[in-house]
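> Sharing a structure with you now.
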Amino acid sequence: MPPTSLELLAPAKDLATGLAAVNCGADAVYIGAPRFGAREAAGNALADIASLAAYAHRYWAKVYVTLNTLLRDDELDAAVRLAHQVHDAGADALIIQDMGLLECDLPPLPLFASTQMHNHTPERVKFLEGVGFQRVILARELSVAQIRTIRATTSVPLEAFVHGALCVCYSGQCALSQAIGGRSANRGQCAQPCRRPYSLVDAAGNTLIKDRHLLSIHDLNLTDQLGELAAAGVTSFKIEGRLKDRAYVMNVVAHYRQALDALGARKASSGRPVLDFTADPAKTFNRGFTSYFATGRRRALGSPDTPKMVGERIGRIRSVTRASFTLEQGSARLNAGDGISFFAGGELTGTLVNRAEGDVIHPARMDGLVEGVSIHRNRDHAFITRLNRSRAARKIDVDLALATTPAGLRLEARDEDGVAIVREVPCDLAAAEKPAQARATVLKQLAKLGETEFACRRIEVADDWRFFLPVAVLNDLRRQAVAALRERRLGERPRAVGRMIVDASPYPDSELTFLGNVLNRKAEQFYRRHGVTAIEPAAEAGLDLRGRVVMTTHYCLKYQQGACPREGQDPAAFGASPVFLVDEDGRRLRLEFDCAACVMKVIDEGPAESGTR
């Protein structure tokens, strides 16, 4: 393993979720500011960010705040003010996308380059390092080999997504939502058109595939690749999900905490989670899992049947009555309150289990439940209830040593990080009538660290202890020691300070199309200062996107449908070129395939003509 520590980075849509993530073992949490985050629906009050930071810092965990949308000129001043307020609230870094902010008076916070910058080449990452970014969040479609190449030519810390929903398009390069409905993904307003149903139509008008979710893909799960990623140079392992609920975050964070700990790497924060549940990522929301391109293109990545959670397979229906169905023998057990899902008429639907009597299930409704239907469980009631009721906590191990002084008592507390304090109190020491019982009382009372963030690992008290100490004295001494240790830990907490570098090194490209995402004058000024001579405004400036590439993706429908020429498959099986995706409103998206680069491009053909489908 690399000598540096490895960070587990968790999402938080709100304060409660962030606190739960820390308790379940996250080394850091990323959370949205009140405005300007790439998840518009996941903004948080500054007071909540401050509360989360104060709690996380007890464990030397960190809080990163997203300020990662493209900004208009009239928003820059407000964004800069917000950055200073976030700094004052105790945040440890800012995640940004808009290069215009680098031309502004930002607070001394480390800057992380959002994955929305499409950080996919050594040249781009090296440039970002040169202009002062202290972390680069890598593009999700990179392989371990590509990450290794980036690491070989740069020294900036690298962060990579390891779990959660995947954008089918290169992050920051998708203008499909903007083109279709004026809702920009780069402004935190993505309408997720990639999860909609489309028909695949060839140039001759033949419908090759009808009404399937052709751009929807499985969710990322790189549990089995963590060691490879660490060896390649990744030091922060990120879970996607700033719109996910508390139960999801707790479950997935606990899972990855265990997986990273199993690697034997140093943690990036203090303490250990104390859990009352067993983590299982399959039990909370997912669209099925993929390792994406971490180890190369292995198999079809698409989830065309549905963009929803299907869940774990239970078994097939053997027979039905008016109000119940019976599962085939050998099926997994269902319980009252479980959510079940199944396909009826090609569409995923579902219901709840009212009562389960062995293999006989009484659902809330019987619509679509017929003999032979495959049943899945997409909500495990007992598991979710356990998560929602969980009292997961996080504890920092502490060693205590009690001794006498000429004036009274001396208590030393030393935590797992080596942070130590000493508390002395004057008191009269009376001989105990029962020394063994008196010593047992000392051990019992000092160990009562209860609801604090500390757990007593060991206590040193002389074997021949012979003094009687009132319980009130011991409790007061323990409380003083806890307060002093907490304060000392906050003072010794590792901190990073932002560093802005006035660097004139050239940007890797001399020209920027609208996909360069330049929406304000400051961003234009930044790029021109770094040698870019031609700059097209961002799509959000009001560009007409008809005929333009609105999505570029390493995900390929030819490969998905078994028509990839690179794999020796027959491309003619894909129909006459060009081919189109047609949505339920009749809007056509033309597909182009760059097989040499192994990418698929989606071109907007504009709204459907009146009366066409």
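> Restricting the search to region 411-449, which residues are out of contact with any Asp or Glu (no Cβ under 9 Å at 6 or more places or on another chain) and among the acidic types (Asp, Glu)?
424, 428, 433
> While we're looking at this one, here's another question. Within region 36-67, work out how many residues are open to solvent by 20 Å² or more (accessible area, probe 1.4 Å), modelled with pLDDT of 95 or more and not in a helix (DSSP H, G or I).
Residues flagged as open to solvent by 20 Å² or more (accessible area, probe 1.4 Å), modelled with pLDDT of 95 or more and not in a helix (DSSP H, G or I) within region 36-67 amount to 3.
Listed here are the residues, each with its yes/no results for (1) in a helix (DSSP H, G or I); (2) within 41 Å of the chain's Cα centre (by Cα); (3) at pLDDT 95 or above.
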residue: 442; (1), (2), (3): yes, no, yes
residue: 452; (1), (2), (3): no, yes, yes
residue: 462; (1), (2), (3): no, no, no
residue: 496; (1), (2), (3): no, yes, no
residue: 501; (1), (2), (3): no, yes, no
residue: 507; (1), (2), (3): no, yes, yes
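> Among the residues of region 397-407, is there at least one that is of a type outside the set (Lys, Arg) and assigned to a helix (DSSP H, G or I)?
Going residue by residue through region 397-407, those that are of a type outside the set (Lys, Arg) are 397-407.
If we keep only those that are assigned to a helix (DSSP H, G or I) too, we end up with none.
No.
> Quick one: in region 411-440, of everything that is among the acidic types (Asp, Glu) and within 36 Å of the chain's Cα centre (by Cα), which residue is least open to solvent (accessible area, probe 1.4 Å)?
It comes out as 415.
> Does region 377-389 contain at least one residue that is assigned to a loop (DSSP other than H, G, I, E, B), open to solvent by less than 40 Å² (accessible area, probe 1.4 Å), farther than 27 Å from residue 214 by Cβ and touching a residue at least 60 places away in the same chain (Cβ under 8 Å)?
Looking through region 377-389, at least one residue is assigned to a loop (DSSP other than H, G, I, E, B), open to solvent by less than 40 Å² (accessible area, probe 1.4 Å), farther than 27 Å from residue 214 by Cβ and touching a residue at least 60 places away in the same chain (Cβ under 8 Å).
> Then there's this: Can you tell me which residue is most open to solvent (accessible area, probe 1.4 Å) among those in region 295-332 that are closer than 30 Å to residue 230 by Cβ and modelled with pLDDT of 95 or more?
312
> Which residues, taken from region 489-527, are of a type in the set (A, V, I, L, M), over 30 Å from residue 396 (Cβ atoms) and open to solvent by less than 60 Å² (accessible area, probe 1.4 Å)?
We begin by selecting, within region 489-527, every residue of a type in the set (A, V, I, L, M); these are 490, 496-497, 500-502, 504, 512, 515, 518-519, 523.
Then keep just the ones that are over 30 Å from residue 396 (Cβ atoms); that gives 500-502, 504, 512, 515, 518-519, 523.
Correct list: 512, 515, 518, 519, 523.
> Follow-up. Just to be sure, is residue 325 among the aromatic types (Phe, Trp, Tyr), farther than 27 Å from residue 388 by Cα and more than 19 Å from the chain's Cα centre (by Cα)?
So residue 325 passes the test.
> Of the residues that make up region 343-365, is at least one open to solvent by less than 30 Å² (accessible area, probe 1.4 Å) and farther than 30 Å from residue 249 by Cβ? Lay out the reasoning, then the answer.
First, pick out the residues of region 343-365 that are open to solvent by less than 30 Å² (accessible area, probe 1.4 Å): 348, 350-351, 353, 358, 361, 363.
Next, only the ones that are farther than 30 Å from residue 249 by Cβ stay: 358, 361.
Looking for residues that are open to solvent by less than 30 Å² (accessible area, probe 1.4 Å) and farther than 30 Å from residue 249 by Cβ, one finds at least one in region 343-365, hence yes.
> Would you mention how many residues in region 249-282 are over 16 Å from residue 225 (Cβ atoms) and over 17 Å from the mean Cα position of the chain (by Cα)?
Kept after step one, since they are over 16 Å from residue 225 (Cβ atoms), are these residues of region 249-282: 249-251, 253-254, 257, 261, 264, 266-280, 282.
Among the residues that remain, those that are also over 17 Å from the mean Cα position of the chain (by Cα) are: 261, 264, 266-267, 269-278.
Residues that pass the stated criteria total 14.
> Inside region 545-613, counting only strands (runs of 3 or more DSSP E) that do not spill past its ends, which hold 2 or more residues that are in contact (Cβ under 8 Å) with a residue 60 or more places away in the chain and more than 25 Å from residue 140 (Cα to Cα)?
Passing ranges, in order: 579-582.
> In contact with a Ser or Thr (Cβ under 8 Å, 6 or more places away or on another chain) and among the hydroxyl-bearing types (Ser, Thr, Tyr): is that true of residue 291 in this structure? Steps first, answer last, please.
Values: in contact with a Ser or Thr (Cβ under 8 Å, 6 or more places away or on another chain): no; among the hydroxyl-bearing types (Ser, Thr, Tyr): yes.
Here the answer is no, as residue 291 does not meet what is asked.
> Still on this structure, please answer the following. Scan region 308-342 for residues that are touching a His at 6+ places or on another chain (Cβ under 9 Å) and not in a loop (DSSP other than H, G, I, E, B) and jot them down.
Correct list: 312, 313, 314, 325, 339, 340, 341, 342.
> Give me the residue from region 528-544 that is outside any loop (DSSP other than H, G, I, E, B) and within 17 Å of residue 97 (Cβ to Cβ) and, out of that set, least open to solvent (accessible area, probe 1.4 Å).
539
> In region 573-594, how many are open to solvent by 60 Å² or more (accessible area, probe 1.4 Å), under 18 Å from residue 197 (Cβ atoms) and out of contact with any strand residue (DSSP E or B) (no Cβ under 8 Å at 6 or more places or on another chain)?
Here the count works out to 1.
> Follow-up. Could you check, for region 68-77, whether at least one of its residues is touching a helix residue (DSSP H, G or I) at 6+ places or on another chain (Cβ under 9 Å), open to solvent by 10 Å² or more (accessible area, probe 1.4 Å), of a type in the set (D, E, K, R) and closer than 28 Å to residue 275 by Cα?
Within region 68-77, none of the residues are touching a helix residue (DSSP H, G or I) at 6+ places or on another chain (Cβ under 9 Å), open to solvent by 10 Å² or more (accessible area, probe 1.4 Å), of a type in the set (D, E, K, R) and closer than 28 Å to residue 275 by Cα.
> Ok, one more. Among what's in region 464-488 and is part of a helix (DSSP H, G or I) and touching a helix residue (DSSP H, G or I) at 6+ places or on another chain (Cβ under 7 Å), pick the residue that is surrounded by the most Cβ atoms within 10 Å (Cβ to Cβ).
That would be 478.
> From the set of residues in region 1-35 that are out of contact with any helix residue (DSSP H, G or I) (no Cβ under 7 Å at 6 or more places or on another chain) and open to solvent by less than 10 Å² (accessible area, probe 1.4 Å), which is farthest from residue 184 (Cα to Cα)?
It comes out as 27.
The values are calculated or read from the model by the stated rules, or taken from the named source; none is laboratory data. Only a predicted model underlies this, so the values are computations on that prediction, with no experimental measurement involved. Counting neighbours? That spans all protein chains shown, and the Cβs are built from the backbone with ideal geometry, glycine included. Remember, those area values only see protein heavy atoms, side chains included, never the ligands or the DNA or RNA. Shrake-Rupley method; radii C 1.70, N 1.55, O 1.52, S 1.80 Å.
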